[in-house]
Amino acid sequence: MRMIPVGSHPVWHPVFESLGYATGYAVFRRLRARRGDVIDEPQRWTVIAAAAVGALVGSRLLGLAEQWPTALAALRAGHLKALLVSGGGKTIVGGLLGGWLAVELAKRVNGIRSRTGDLFVIPLVVGIAVGRVGCFLAGLADDTCGKATSLPWAVDLGDHVPRHPVQLYEIAFLAFVALGVSLPARLREGARFRIFLGSYLAWRLAIDFLKPQPLVWGMSLIQWTCVAGLCALGVLGWLDLRSASSRTPAQAAITGTN
């Protein structure tokens, strides 16, 4: 069977990960300058700081939990500290959910009532897509490679096994999301972020079946986390609809909802 030779080049992962952060932040600044922001300067930096810390913690915790066989082996061998400070063991799903939770907590503590996520959608999409290029080039060393397949676009990451290029699938999906959330539809404040987050969690729930990961009751911990995140979004959406339906027409006019 013919395969597209790619190989594994771990050195490129930190390069594209850093480029993803830089590109995402540059897009965020450009969009903020063009569209404005719903909160003032001190509040904005509170939200950004909360998002960064929450994303870092969430990404690391879920990443390590996902590698539970490796973590258990490291614990038994007394090497858990080395695993904690290693460069791997991070996941985008944990970063998104951790950042979202941290922002909501920070907003509640600081009395910020505006929904702030819409401005971050395109920067997140761009940053994740750029980072996924690094994941693809890193190959087997990145632990995000796909399962074996007989499809004609299978890639050889250096082990002569034809695999799904799942990172490229995700880049294509993110381009589709970017197009969708950029359409000039009238949506409530914060709706675009929730659409993006829900779409990404649903995507990962589906695409991770094509990745060789440790399973718990038929799915990986990342997939179970996606299910929990989707349930949380569903509950929040139901609460929003219930709240909107209980408003009087005068209240709806004041808040801009109906």
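Assorted remarks:
- Output for the stretch 180-190, where each listed residue is assigned to a helix (DSSP H, G or I) and either free of Cβ contacts under 8 Å to residues at least 24 places away in the same chain or in contact with a strand residue (DSSP E or B) (Cβ under 6 Å, 6 or more places away or on another chain) (or both): Gly180
- Just one of the numbered conditions (1) touching a Pro at 6+ places or on another chain (Cβ under 7 Å); (2) open to solvent by less than 40 Å² (accessible area, probe 1.4 Å); (3) of a type outside the set (A, V, I, L, M); (4) in a loop (DSSP other than H, G, I, E, B) is not true of Cys145: (1).
- Any hit, the stretch 165-174, residues being outside any loop (DSSP other than H, G, I, E, B), out of contact with any Pro (no Cβ under 8 Å at 6 or more places or on another chain) and of a type in the set (Ser, Thr, Tyr): yes
- Scanning the stretch 205-227 for residues being in a helix (DSSP H, G or I) and touching a residue at least 60 places away in the same chain (Cβ under 8 Å) gives a total of 5.
- Qualifying residue in the stretch 106-113 (condition: in contact with a helix residue (DSSP H, G or I) (Cβ under 8 Å, 6 or more places away or on another chain), closer than 25 Å to His13 by Cβ and surrounded by fewer than 21 Cβ atoms within 10 Å (Cβ to Cβ)): no
- Residue that is least open to solvent (accessible area, probe 1.4 Å) [pool: residues in the stretch 161-179 that are farther than 13 Å from Leu210 by Cβ and either among the basic types (Lys, Arg) or free of Cβ contacts under 8 Å to residues at least 24 places away in the same chain (or both)]: Val161
- Test: residue in the stretch 116-136 that is of a type in the set (A, V, I, L, M, F, W, C), open to solvent by 70 Å² or more (accessible area, probe 1.4 Å) and modelled with pLDDT under 95: no
- Annotation note: Cβ proximity below 8 Å between a residue of the stretch 231-254 that is modelled with pLDDT of 85 or more and a residue that is not charged (D, E, K, R) (sequence gap 6+ or interchain) occurs for Leu233/Leu197; Leu233/Gly198; Leu233/Leu201.
- Residue in the stretch 39-49 that is outside any helix (DSSP H, G or I), buried (at least 16 other Cβ atoms within 10 Å of the Cβ) and of a type in the set (Val, Ile, Thr) present: yes
- Pair list, Cβ under 7 Å, 6 or more apart: the stretch 104-123 residue within 18 Å of Tyr21 (Cα to Cα), other residue aromatic (Phe, Trp, Tyr) and open to solvent by less than 80 Å² (accessible area, probe 1.4 Å): Gly117/Phe193; Asp118/Phe193; Leu119/Phe28; Phe120/Phe28; Phe120/Phe193; Val121/Phe193; Val121/Phe196; Pro123/Phe28
- Pairs linking a residue in the stretch 20-48 that is at pLDDT 85 or above to a residue that is of a type in the set (A, V, I, L, M) and not in a helix (DSSP H, G or I), with Cβ atoms under 8 Å and 6 or more positions apart or on different chains, are Thr46/Ile112; Val47/Ile39; Val47/Ile112.
- Taken together, the residues in the stretch 72-102 that are open to solvent by less than 70 Å² (accessible area, probe 1.4 Å) and at pLDDT below 95 amount to 12.
The values are calculated or read from the model by the stated rules, or taken from the named source; none is laboratory data. Keep in mind it's a predicted model, so treat the numbers as computed, not measured. Counting neighbours? That spans all protein chains shown, and the Cβs are built from the backbone with ideal geometry, glycine included. The area values use the complete protein model at the heavy-atom level, side chains included, leaving out ligands, DNA and RNA. Shrake-Rupley method; radii C 1.70, N 1.55, O 1.52, S 1.80 Å.
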